[in-house]
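Undergrad: First the structure, which I've put down as structure tokens, then a few questions once you've had a look.
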Amino acid sequence: MDKHLQALDFNSILERLAAQTSCPDAFDMAMNLAPCKDLASAQKLLSETVDAYVLLAKFGGPSFGGLKNVNNLLHIASSGSILSMKDLLDCASTFRTIRSLREWYNQCESVETALNRYFNTLIPHRSVEDRIYECILSEEEMADNASPELADIRKALHRQENKIREQLDHIIHSGHYATALQDAIITMRNGRYVVPVKREHKGEVAGVVQDTSDSGATVFIEPMSVVDANNEIRVLQSKERDEIERILAELSSMVGDLYEEAKRSYEAAVLLNFIFAKANLAYDMKASEPILNDEGIIELKKARHPLIDPKKVVATDIRLGEDFDTLVITGPNTGGKTVSIKTVGLLSVMAASGLMIPTADNSRMAIFNNVFADIGDDQSIEQSLSTFSAHMTNIVDIIKRADGNTLALIDELGAGTDPIEGAALAISVLEHLSQKGAKIAATTHYAELKAYALDTPRVENACCEFDVDTLSPTYRLLIGAPGRSNAFAISERLGMPTEVVEHARELVSSENTKFEDVIEKLESSRAAMESEHERASELSAKAQEEKEKAEELRNSVERLKNEEIEKARSEAMKIVEAAKREAAYFLDDLDKLKKEQKNAKDLSQLSADAKATIKKHQGTLDDITNPIVALAQDDDYELPRDLVIGDTVVIADLGTTATVTALPDKKGLVEVTAGIIKSKTPLSNLRLLEGKMKKEATKGQRSANRSTSKNFTSKLDMKVETSVDLRGMASDEAIPALEMFLDLQLRSGIDTFTVIHGKGTGVLRKAVQKYLSKNSHVKEYRLGVYGEGEDGVTIVTLK
């Protein structure tokens, strides 16, 4: 690995990434990951990581367990070689993993991601996978049902073995051989069943000696009665081996035929394993997607070094490349200067490698051709303190290779030599790198570099905050303010005699003392401003929270109002429809009486009842539909202006629209005209109507006054319709309306009509058809066809 990447501990990041992988090839990909040098390549890798990160959040992670590199085995099989049972099980394991990956992808296939092309490369081979697992039980055992022939052979073997055991069992339990046998057991030697016989009695058991014990006291004899059976077993075992070899050849041929497809699938699966490893690492680091650019701009929000304990690391904001190109970081040792520049460098190469970085959202990171790091102090994670010569060797190499798309990170620039010469050399190095267009972050203790940063355009001071009271760093990077070494304060706090510290202060030049005093004042001002900023932020956040609460309350009230209005409208519609139906019933009865020539008394009584009912419902309709009622409810109402003759008003206690015909008299009474009636009413009892409100109220009053007569009296002489619209009605409302309409059709001599019930959920259609099926006047009915309304209507034919 490049020494500059090692200096940034990028190898440690790769080790953490590799630990997230599940197969050796993905592990190797992780360990060999290198940062891209162009924006397009880095953005492509990062998009893949982010898509995997999103998929993990939505669907959980896919399993890559069992993924093995069997490309070589498949190649061998494709050339006609026979694979072992272990090799075939490895192939089946890989096939199973590829299949499970594809099945996992199928559940989230609707999501368009940069990973789709890799998942689409995965080709499952379920039949081959199942065949292998069906035939092979383990690396050394073939299943009996791998083939019918193998099953028959093994059945024959078992029969022969049982036959031999029965014969030998008879021998070892026979009293005739009790003294000759060493033990009453059956064992095997050279693949043949034998019994152990004492050496001195071997002549008593007729058979073939197959083996002798190490002591020579026991001989293992194969009795003559089982020799033929043992020979038969050897023959069957040979057939078994041949059949197993044939099955292995068959399976090897099957996997060999899949070589090219399986190879591509495996390579895609390895790449997916690598990409999801990057996504899992992002979860571990609580990382986010940076906004990449090739303009050299770095803006890290709440950046955290990924190798520091998450419980101890301090998030910090770091900027470079937009307002300034060189950042000079000063401050005491152990304050976090080195960690700051290593964080910038490490997050830069991580982003260029397609990794998400541990920062807040919307952080920006530039992609550089080169990232150079000369870092070597006792705080380095992997290096010890470097000498001045080693520093200069690295810096010389950086100067030679730097260009306009370089990020240079230099720790303790100019240290290890005479302070005056070191400071001068440090300034010269910064200027030379800046002239080449490089972006630079350097740490130093030299006051000359602080002054240089203050006086030079596009060079900025920064410091790591240090709490002198507790003698501990806060590790926060403060851009815009140079740091102080705090050597005198720290020494005094640690117990250095006061006179020694004071004498040291006297030895410091007056210019340096003034410079440090300016820095101290700047730091005090910064702390005060930061405190005010935090307080302002808290107040702003609180105000925003209150605003959101008020907005939520307003929306809630608005929703409640709309719900109540809708509810009232629905109730009004029900009352209106009920009134229409009831009035229509009475009018139909009047028609019947007229046709049947009932006596005048019945007709008069029924007519009076109908008129009373209509009048009652007309009043109800007025109450429900007239918007003037709402205006009358307002007890706190005040006229928006003085009334003038001709104004349209509402008489609140009557709910009637009227016109002002005379202005208020001494008693506050106003003369108004409602229709043909003139009257006087108190000024406080009037509500002025203007604009849209006036139109709606006037229209509502007129329509309410004439709605009953228009809807009901026209029933007597209306044209007979051949369709009835029941849409919007509940079943218990629709059926009476349909019944009334059907009766009208019968009396009008119409034999076919259309019921419009709409498609909807089908509840109203079922209720209509249920009624029609039981009505004795209905000959038949059917759903409409194209051009008639299809399933939204029912065509009825009467008898």
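Undergrad: For a quick check of your reading of the model, give me the residue pairs whose first member lies in region 772-799 and is free of Cβ contacts under 8 Å to residues at least 12 places away in the same chain and closer than 17 Å to THR722 by Cα, whose second is in a strand (DSSP E or B) and of a type outside the set (Lys, Arg), with beta-carbon atoms closer than 6 Å and at least 6 apart or on different chains.
TA: The qualifying pairs do not exist here.
Undergrad: Okay, moving on. So which pairs qualify, if the first residue must be in region 211-228 and over 25 Å from GLN160 (Cα atoms), the second must be in a strand (DSSP E or B) and open to solvent by 30 Å² or more (accessible area, probe 1.4 Å), the Cβ gap must be under 8 Å, and the two must be at least 6 apart or on different chains?
TA: ALA217/LYS198; THR218/LYS198; THR218/THR212
Undergrad: Check SER93, SER138 and return the single one that is within 27 Å of ARG192 (Cβ to Cβ) and of a type in the set (Ser, Thr, Tyr).
TA: Just a single option satisfies the conditions, and that option is SER138.
Undergrad: Could you figure out which of (1) without any contact (Cβ under 8 Å) to a residue 60 or more places away in the chain; (2) within 42 Å of the chain's Cα centre (by Cα); (3) over 30 Å from LYS311 (Cβ atoms) isn't true of PRO457?
TA: Only one criterion is unmet by PRO457, namely (2).
Undergrad: Just to check your reading of the model, which residue among SER41, SER63, SER81, SER138 is out of contact with any Asp or Glu (no Cβ under 9 Å at 6 or more places or on another chain) and open to solvent by 70 Å² or more (accessible area, probe 1.4 Å)?
TA: Of SER41, SER63, SER81, SER138, the one residue that is out of contact with any Asp or Glu (no Cβ under 9 Å at 6 or more places or on another chain) and open to solvent by 70 Å² or more (accessible area, probe 1.4 Å) is SER63.
Undergrad: Among the numbered criteria (1) open to solvent by 20 Å² or more (accessible area, probe 1.4 Å); (2) within 23 Å of PHE274 (Cα to Cα); (3) among the aliphatic types (A, V, I, L, M), which single criterion is violated by LEU122?
TA: If we test LEU122 against (1) open to solvent by 20 Å² or more (accessible area, probe 1.4 Å); (2) within 23 Å of PHE274 (Cα to Cα); (3) among the aliphatic types (A, V, I, L, M), just (1) comes out false.
Table: residues versus (1) under 15 Å from LEU258 (Cα atoms); (2) under 23 Å from the mean Cα position of the chain (by Cα); (3) of a type in the set (Asp, Glu).
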| residue | (1), (2), (3) |
| --- | --- |
| LEU56 | no, yes, no |
| GLY61 | no, yes, no |
| LYS68 | no, no, no |
| ASN72 | yes, no, no |
| SER84 | no, no, no |
| LEU88 | yes, no, no |
| SER100 | no, yes, no |
| GLU103 | no, yes, yes |
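Undergrad: Can you pull out the residues in region 733-773 that are modelled with pLDDT of 85 or more and of a type in the set (Val, Ile, Thr)?
TA: Selection gives ILE735, THR752, THR754, VAL755, ILE756, VAL763, VAL768.
Undergrad: How many residues are crowded, with 16+ Cβ neighbours inside 10 Å and more than 27 Å from SER253 (Cβ to Cβ) if we restrict to region 87-107?
TA: Counting residues in region 87-107 that are crowded, with 16+ Cβ neighbours inside 10 Å and more than 27 Å from SER253 (Cβ to Cβ) gives 2.
Undergrad: Right, another one. For residues that are touching a helix residue (DSSP H, G or I) at 6+ places or on another chain (Cβ under 8 Å) and of a type in the set (D, E, K, R), scanning just region 268-292, find the one that is nearest to ASN120 (Cα to Cα).
TA: LYS278
Undergrad: Any residue at all in region 28-36 that is in contact (Cβ under 8 Å) with a residue 60 or more places away in the chain, hydrophobic (A, V, I, L, M, F, W, C), part of a helix (DSSP H, G or I) and surrounded by 19 or more Cβ atoms within 10 Å (Cβ to Cβ)?
TA: Within region 28-36 (the criterion being in contact (Cβ under 8 Å) with a residue 60 or more places away in the chain, hydrophobic (A, V, I, L, M, F, W, C), part of a helix (DSSP H, G or I) and surrounded by 19 or more Cβ atoms within 10 Å (Cβ to Cβ)), the answer is yes, since at least one residue qualifies.
Undergrad: Scan region 347-367 and give yes if some residue there is outside any loop (DSSP other than H, G, I, E, B), at pLDDT below 90 and of a type in the set (D, E, K, R), otherwise no.
TA: Taking every residue of region 347-367 in turn, none turns out to be outside any loop (DSSP other than H, G, I, E, B), at pLDDT below 90 and of a type in the set (D, E, K, R).
Undergrad: Between LEU553, LEU522, which is at pLDDT 80 or above and surrounded by 10 or more Cβ atoms within 10 Å (Cβ to Cβ)?
TA: LEU553
Undergrad: Given the criteria under 30 Å from ILE185 (Cα atoms) and charged (D, E, K, R), does ARG154 qualify?
TA: For ARG154, the condition - under 30 Å from ILE185 (Cα atoms) and charged (D, E, K, R) - is met.
Undergrad: Looking at region 1-21 only, could you name the residues that are hydrophobic (A, V, I, L, M, F, W, C) and part of a loop (DSSP other than H, G, I, E, B)?
TA: Once the filter is applied, which keeps residues that are hydrophobic (A, V, I, L, M, F, W, C) and part of a loop (DSSP other than H, G, I, E, B), region 1-21 yields MET1, LEU8, ALA19.
Undergrad: Checking ALA30 against (1) in contact with a Phe, Trp or Tyr (Cβ under 8 Å, 6 or more places away or on another chain); (2) at pLDDT below 95; (3) under 30 Å from ASN106 (Cα atoms), which single condition isn't satisfied?
TA: So ALA30 meets the others, but not (2).
Undergrad: Shifting gears a bit: Which of the residues spanning region 644-660 are open to solvent by 50 Å² or more (accessible area, probe 1.4 Å) and of a type in the set (Ser, Thr, Tyr)?
TA: THR659
Undergrad: Taking the condition of being modelled with pLDDT of 85 or more, closer than 25 Å to PRO223 by Cβ and of a type in the set (S, T, N, Q), how many residues in region 136-181 meet it?
TA: 2
Undergrad: Follow-up question, since we're still on this one. For region 772-799, which residues satisfy the criterion of being touching a strand residue (DSSP E or B) at 6+ places or on another chain (Cβ under 9 Å), part of a helix (DSSP H, G or I) and closer than 14 Å to LEU738 by Cβ?
TA: The answer is LEU772, SER773.
Undergrad: Filter region 148-167 down to the residues that are of a type outside the set (Gly, Ala, Ser), within 15 Å of ASN231 (Cβ to Cβ) and open to solvent by less than 90 Å² (accessible area, probe 1.4 Å) and list them by number.
TA: LEU157, GLN160, GLU161, ILE164, GLN167
Undergrad: Do we find a residue being open to solvent by 50 Å² or more (accessible area, probe 1.4 Å), modelled with pLDDT of 50 or more and either assigned to a helix (DSSP H, G or I) or more than 25 Å from LYS799 (Cα to Cα) (or both) anywhere in region 719-731?
TA: yes
Undergrad: Which residues, taken from region 437-447, are of a type in the set (Ser, Thr, Tyr) and at pLDDT 85 or above?
TA: Of everything in region 437-447, those that are of a type in the set (Ser, Thr, Tyr) and at pLDDT 85 or above turn out to be THR443, THR444.
Undergrad: If I go through region 740-766 residue by residue, how many of them are over 45 Å from the mean Cα position of the chain (by Cα) and either assigned to a strand (DSSP E or B) or surrounded by 17 or more Cβ atoms within 10 Å (Cβ to Cβ) (or both)?
TA: So the answer is 9.
Undergrad: Quick one: GLY789 ticks every box in (1) on the phi > 0 side of the Ramachandran plot; (2) loosely packed, with under 15 Cβ neighbours inside 10 Å except a single one, so which number is it?
TA: Unmet for GLY789, out of (1) on the phi > 0 side of the Ramachandran plot; (2) loosely packed, with under 15 Cβ neighbours inside 10 Å: (2).
Undergrad: May I pose another question? Can you report the number of residues in region 47-84 which are outside any loop (DSSP other than H, G, I, E, B) and closer than 24 Å to SER353 by Cα?
TA: 11
Undergrad: For region 170-284, which fully contained strands (runs of 3 or more DSSP E) count at least 3 residues that are open to solvent by less than 10 Å² (accessible area, probe 1.4 Å) and either under 30 Å from PHE64 (Cα atoms) or out of contact with any Cys (no Cβ under 6 Å at 6 or more places or on another chain) (or both)?
TA: Of the strands (runs of 3 or more DSSP E) lying wholly inside region 170-284, those with at least 3 residues that are open to solvent by less than 10 Å² (accessible area, probe 1.4 Å) and either under 30 Å from PHE64 (Cα atoms) or out of contact with any Cys (no Cβ under 6 Å at 6 or more places or on another chain) (or both) span 192-198, 218-223.
Undergrad: Could you tell me which residue of region 448-502 is surrounded by the fewest Cβ atoms within 10 Å (Cβ to Cβ), considering only residues that are at pLDDT below 80 and of a type in the set (Gly, Ala, Ser)?
TA: Taking the candidates together, the pick is SER472.
The values are calculated or read from the model by the stated rules, or taken from the named source; none is laboratory data. Computed from a predicted model, the values in this text were never measured in an experiment. Every residue, glycine as well, gets a Cβ built from its backbone with ideal geometry; the counts of neighbours run over all protein chains shown. SASA here: full protein model, heavy atoms, side chains in, ligands and nucleic acids out. Shrake-Rupley method; radii C 1.70, N 1.55, O 1.52, S 1.80 Å.
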